[in-house]
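For reference, the structure discussed in these notes is given below.
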Amino acid sequence: MIESLLLNFLFLLFPVLTFLIFFENRFHTYNQYFLTHLSSISMVLCMAFPIRLEIGFIFDLRYIPFLIIALFGGFKFTFPLFIVLNAYRFLIGGEGTIHSFIFASVIFTIVPLLHKWFMHQSKKKRIWSAVMVSILTMLLYLTILGTLMPVLNREFWTLTLNALTTYAVVMFIIMILIEQIRANIKNRESTQQS
């Protein structure tokens, strides 16, 4: 489990580090499209290499890049991720494909509505807001999963604890990195204007 969790974390760092290394010094409008493309790759990789718990459950971190793009970019940049997420999920197939589509549709409908509010928050509030959105997303997912299960046994509660903790911690770390990159860009721009 630890190996796949670290691998998923690496997949989530991929867009952030790529932007930091190649594009931080050059702000162009196409950077947003490039970040959306990198996030879709990250999301697919998280789905291709899910985290397998010892109790038999499988989950992944596909919604971390989805939520980040939804909060920072709104509907315009989330729509391609929505298409990629559902296309790849249908390609994987199996049980829960329709439930996954419905859940992704609900998240796609609700979270981008927070975009304007989210962008007007302070750095610290954006970090905590993103963490709360990820926790609420997982709570909704786990609630739906719980209604589909005949009995909520110990394995389900172990999954719940692992999923909520993982989503909160990973979102917190990724958001700190993103906010630091944004602060560095603003500082550089204000220095150049001086």
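The values are calculated or read from the model by the stated rules, or taken from the named source; none is laboratory data. Quick caveat: nothing in here was measured; it's all calculated off a predicted structure. No Cβ is skipped: glycine too gets one built from the backbone with ideal geometry, and neighbour counts run over all protein chains shown. For accessibility, only protein heavy atoms count, side chains too; no ligands or nucleic acids. Shrake-Rupley method; radii C 1.70, N 1.55, O 1.52, S 1.80 Å.
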- Note on the structure: Restricted to segment 15-47 and to residues being open to solvent by 80 Å² or more (accessible area, probe 1.4 Å) and of a type outside the set (Val, Ile, Thr), the residue modelled with the highest pLDDT is HIS37
- Task: Scan segment 47-104 residue by residue and report those that are over 18 Å from ILE135 (Cβ atoms) and of a type in the set (D, E, K, R).
- Result: ARG52, GLU54, LYS76, ARG89, GLU95
- Item | Cross-chain or 6+ apart pairs with Cβ under 7 Å, segment 114-132 first and open to solvent by 80 Å² or more (accessible area, probe 1.4 Å), then assigned to a helix (DSSP H, G or I) | LYS123/GLU179; LYS123/ALA183
